[in-house]
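What follows is calculated from the coordinates using simple rules that are stated; it is not laboratory data. Remember, it's a predicted structure, so these values are computed and weren't measured experimentally. For neighbour counting, all protein chains shown are included, and Cβ atoms are generated from backbone atoms with ideal geometry for every residue, glycine included.
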Amino acid sequence: MTFFHRIAAASAAALLAFAPFARAEWPDHPIKWIVPFAPGGANDLIARAAADGVSKRLKQTILIENKPGAGTLVGSEYAARSKPDGYTFLIGSAGTITNSMILKKMPYQDSDLVPVGMIAVAPSVIVVNPSVPASNLKEFVAWAWTTSPLFPSRAAARA
């Protein structure tokens, strides 16, 4: 065996020995985005619009999986329990963050999910029946304090 053949054989052996540790360039297969809401809603539409742009940039398919239910718990738990391989993302919302603040029992821990970025900011608005005598939030609060037994007391509101 010539010197060149020995070098080639040693190189091949070294490559084969380290092959199990080699990683493909990310992403090397489709990415899954979990949307914890039904198809057609605002979160779904935002996810699909963002997925289109991200898919083009990464040159990889992004699959949208809608998993609605229980105030985002179904989809959030699914994402939290998914294999931590960098291919499953939860497209969450405020509910994802606040569930643990209002629920005594959660099927996952907040620490099971790690925020990696924001894809959109959606405004929230307060609307009332046109018969309510208020044209802004200050007027609505004043009216609600005097008429609604469900509205927080003044003491609670100032606390």
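Judged by the mean number of other Cβ atoms found within 10 Å, the most tightly packed of the peptides 71-80, 131-140, 58-67 leads the ranking 71-80, 58-67, 131-140.
Shown in residue order for the stretch 40-49 are the 3J(HN,Hα) couplings computed by the Karplus curve 6.51 cos²θ - 1.76 cosθ + 1.60 at θ = phi - 60°: x, x, 4, 5, 5, 5, 5, 4, 5, 5 Hz (x for Gly and Pro).
Starting from the Cα of Ser82, move 7 Å in the Cα-to-Cβ direction to define the label point; list residues of the stretch 106-142 whose amide nitrogen is under 18 Å from there. From the stretch 106-142, the list is 107-120.
Using the Cβ of Asp110 as centre and a radius below 15 Å, the other residues enclosed give a net charge of +1, where K and R count +1 and D and E count -1.
For the stretch 31-112, the Kirkwood hydrodynamic radius comes to 13.1 Å, computed from all pairs of different C-alpha atoms.
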